[in-house]
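Here the structure is laid out as structure tokens; the discussion comes afterwards.
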Amino acid sequence: MSCFWGHAVIFLYTDFGAEGPYLAQVQAVLAAESSGVPCFNLLSNAPAGDPRRAAYLLAGLAGALPSGALVLGVVDPGVGGERLPIVVEAGGRRFVGPDNGLFSRVAARDCAARACRIDWRPARLSSSFHGRDLFAPVAARLAAGVDVPLTEVPVSGLVGSDWPDELAEVVYADAYGNLFTGLRGDRVADDAIVEAGGRRLHRARTFSAVPVGEAFWYRNSSGLVEIAVNGGSARERLGLGVGAIVTVLRPSP
Amino acid sequence: MSCFWGHAVIFLYTDFGAEGPYLAQVQAVLAAESSGVPCFNLLSNAPAGDPRRAAYLLAGLAGALPSGALVLGVVDPGVGGERLPIVVEAGGRRFVGPDNGLFSRVAARDCAARACRIDWRPARLSSSFHGRDLFAPVAARLAAGVDVPLTEVPVSGLVGSDWPDELAEVVYADAYGNLFTGLRGDRVADDAIVEAGGRRLHRARTFSAVPVGEAFWYRNSSGLVEIAVNGGSARERLGLGVGAIVTVLRPSP
Amino acid sequence: MSCFWGHAVIFLYTDFGAEGPYLAQVQAVLAAESSGVPCFNLLSNAPAGDPRRAAYLLAGLAGALPSGALVLGVVDPGVGGERLPIVVEAGGRRFVGPDNGLFSRVAARDCAARACRIDWRPARLSSSFHGRDLFAPVAARLAAGVDVPLTEVPVSGLVGSDWPDELAEVVYADAYGNLFTGLRGDRVADDAIVEAGGRRLHRARTFSAVPVGEAFWYRNSSGLVEIAVNGGSARERLGLGVGAIVTVLRPSP
């Protein structure tokens, strides 16, 4: 990882919750050790303890981040156990966090992706908060251009490297009740029908293109297939949540 | 909008939710394009998809913001449709967002208010996230003193310019369960009785002025009539939420 | 409080909620008056209106903050009433907020703790938002090294100075449903059994040390005894919330 990275920016991708007390502890470490690299809280309600669904969601969201961004990703149910701390470089961005599949999808979408094991350890490492004690200092140093002891490892050996390219499930519900799936928007035809919860949904370009109260699917601002309702909550109207199965039906020609 | 604006500060007023993934994307654009203008998340749970109630709430909250503040307001259910992007200048503050009534109340409370249509468009505009793609770059540039192509339009032509001056409803419930109304505190007499959910409430100066568990109304720190319970949640005790009707009864003389 | 404080950092500890509209108003005052001291939102869902439980939680969280940190603590149900505004200096950190017990536990854990009454008042003081109008300007000035009129008062006279050293209750549930207690981790033996909700729990070092779905107790990253479930929510699995009684059983020798 010797290539030069320009003006960095850090994005936090966690299941910490926005209200506390974990985000601020990580942010304070980043601020103290990154010489003022700006830091934004991309997501604090990633699928909790669920690196698999969080990986598909991250692969969508990461595509909307600026080139050169560094993502500190902490969805880490195995904290304190055997899983390795890693850095992944993919799509012009870097990702720091646990090797539990969380970064496997961003890695899989860049054939030039690289991965490193983090060899550095802090003087004091809690058994349950590596986000603060290990990943944040590493992310801060990398963002600030400071050397961190790393050993390159094969991307094909990362946990999750054998997972499928897409996940035909709901992986996230936003504050409006819109349902993000693990399906890539650019792989689904305009006239495809998305089936979820026994409902067959057509594509619309955006919310206001369908009547109020109507459910539809569209390619969202993160590049994922999203199920939504104009003027309402798809989560409530369709009674679906994270983990709900989604099927793409292509009309017969 | 040629007048000079001093040291700016940006406040976000949205229905995005605090947990993600929209706030950070907007904040990152603002940081990148505003040369370091400080940015604060004023509200991320404005009435969702409800520019009308959000307008009355904003008119209250804006009064507590510093002069010169720029508010990026995104409660935008019509995103991707026909509604115009606008800038409103009122009360010594600026407001950037959609012309759907959201800024109509701040405009109505300043007879010298001005409005402009935003003529600038980004190279890449998603159909569902103009907050990130259009309003944030415009807000950043205005805050940084950079010229943006604007065309002045009559304030009287803004959506919502014909809405009533006050809204006798609950427009927001805060984290404590306090109920903000769309009524202006300075228009209600001290001895007025506020009726809501079949209860008649008297005014108190502050929480600790009434016994624990008692409901009352008061003029809150945003200048709005608020219904509250000392040591409890008015939302739960009175069983009221956003949209509940409020009536002001003036005692007979 | 004449001793020198180095590069300060401010942490907000409140029951404001993360979504608004209170945090940003406080943050904006801090930014405007502290000459750029960094500020982090440590907790915005402290036990609402409950300075007692909030005090035990704060005593744990404060231990993980950097030396020199200034905590702006606002859990202030008595706002607008008789309670005094104070500054407490304890454990190498400073705390600004109401004298309602909130800082009594951090003070009690440092025999060299000091306390001051805040004599400064702003030109305009709302009756319900001293966090913004009084505590934030004072915190900002102290953090920036600006003199604030203070009068030293005896720590033994603070509200809550007679509270017990530990609180054998759940004082907080985090976003995962982990249950923080008011018990100090370093005072409980490794082989102690923690009883809560009729369940007897053994200690584990960390989550992944027990089978998925199993409840246990451990010393969390804030130094408190925490009840958790590997891969699940202790709050849901055990049906416990803030205020639930916890008992420490020491095995017979």
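Quickly run through segment A:224-250 and pick out the residues that are part of a loop (DSSP other than H, G, I, E, B) and farther than 17 Å from residue B:79 by Cβ.
Selection gives A:239, A:240, A:241, A:242, A:243, A:244, A:250.
Give segment C:35-50 a look and list any residue that's polar (S, T, N, Q) and either within 14 Å of chain A (Cβ to nearest Cβ) or closer than 19 Å to residue C:129 by Cα (or both), or say none.
C:41, C:44, C:45
I'm checking my understanding of the structure. Among residues of segment B:5-26 that are part of a helix (DSSP H, G or I) and touching a residue at least 60 places away in the same chain (Cβ under 8 Å), which one is surrounded by the most Cβ atoms within 10 Å (Cβ to Cβ)?
For segment B:5-26, the residue satisfying everything is B:26.
Condition check ((1) within 12 Å of another protein chain (Cβ to nearest Cβ); (2) in contact with an Asp or Glu (Cβ under 6 Å, 6 or more places away or on another chain)) across all residues:
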residue	(1), (2)
C:107	no, no
C:113	no, no
C:116	no, yes
C:119	no, no
C:123	no, no
C:128	yes, no
C:144	no, no
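Do you know which residues across segment A:121-145 are under 20 Å from residue A:77 (Cα atoms), out of contact with any Pro (no Cβ under 8 Å at 6 or more places or on another chain) and not in a loop (DSSP other than H, G, I, E, B)?
A:131, A:132, A:136, A:139
Could you say which residue among A:198, A:157, A:131 is closer than 29 Å to residue B:23 by Cα and of a type outside the set (Val, Ile, Thr)?
A:131
When you look at residue B:37, is it of a type in the set (Val, Ile, Thr) and part of a loop (DSSP other than H, G, I, E, B), yes or no?
Spelling it out, residue B:37 is indeed of a type in the set (Val, Ile, Thr) and part of a loop (DSSP other than H, G, I, E, B).
In segment A:85-100, how many residues are in a loop (DSSP other than H, G, I, E, B) and surrounded by 21 or more Cβ atoms within 10 Å (Cβ to Cβ)?
Qualifying residue count, segment A:85-100: 2.
Could you tell me which numbered condition residue C:42 fails, if it satisfies all but one of (1) surrounded by fewer than 24 Cβ atoms within 10 Å (Cβ to Cβ); (2) without any contact (Cβ under 8 Å) to a residue 60 or more places away in the chain; (3) not in a loop (DSSP other than H, G, I, E, B)?
Condition not satisfied by residue C:42: (1).
Only one of these conditions is not met by residue A:133: (1) buried (at least 19 other Cβ atoms within 10 Å of the Cβ); (2) more than 22 Å from residue A:121 (Cα to Cα); (3) away from chain B (no Cβ under 14 Å); (4) of a type in the set (Asp, Glu). Which number is it?
Tallying (1) buried (at least 19 other Cβ atoms within 10 Å of the Cβ); (2) more than 22 Å from residue A:121 (Cα to Cα); (3) away from chain B (no Cβ under 14 Å); (4) of a type in the set (Asp, Glu), residue A:133 fails exactly one: (2).
So which of C:171, C:159 is in a loop (DSSP other than H, G, I, E, B), under 16 Å from the mean Cα position of the chain (by Cα) and among the hydrophobic types (A, V, I, L, M, F, W, C)?
C:159
Kindly provide the set of residues from segment B:51-84 that are within 14 Å of chain A (Cβ to nearest Cβ), part of a loop (DSSP other than H, G, I, E, B) and either buried (at least 20 other Cβ atoms within 10 Å of the Cβ) or at pLDDT below 95 (or both), ordered by number.
B:75, B:76, B:77, B:78, B:79, B:80, B:81, B:82, B:83
Report every pair of residues separated by at least 6 positions or lying on different chains whose Cβ atoms are under 6 Å apart, first residue within segment B:105-129 and without any contact (Cβ under 8 Å) to a residue 40 or more places away in the chain, second assigned to a loop (DSSP other than H, G, I, E, B) and of a type in the set (Val, Ile, Thr).
Hits for this filter: B:120/B:148.
Could you tell me whether any residue of segment C:205-221 is in contact with a Gly (Cβ under 8 Å, 6 or more places away or on another chain), facing chain A (nearest Cβ under 9 Å), surrounded by fewer than 18 Cβ atoms within 10 Å (Cβ to Cβ) and not in a loop (DSSP other than H, G, I, E, B)?
Yes, segment C:205-221 contains at least one residue that is in contact with a Gly (Cβ under 8 Å, 6 or more places away or on another chain), facing chain A (nearest Cβ under 9 Å), surrounded by fewer than 18 Cβ atoms within 10 Å (Cβ to Cβ) and not in a loop (DSSP other than H, G, I, E, B).
If residue B:169 meets every condition in (1) within 14 Å of chain C (Cβ to nearest Cβ); (2) closer than 22 Å to residue B:44 by Cβ apart from one, which number is that one?
Checking residue B:169 against (1) within 14 Å of chain C (Cβ to nearest Cβ); (2) closer than 22 Å to residue B:44 by Cβ, the one that fails is (1).
The values are calculated or read from the model by the stated rules, or taken from the named source; none is laboratory data. Quick caveat, the model's predicted, so the values are computed rather than measured. Note: ideal-geometry Cβ built from the backbone for every residue, glycine included; neighbour counts use all protein chains shown.
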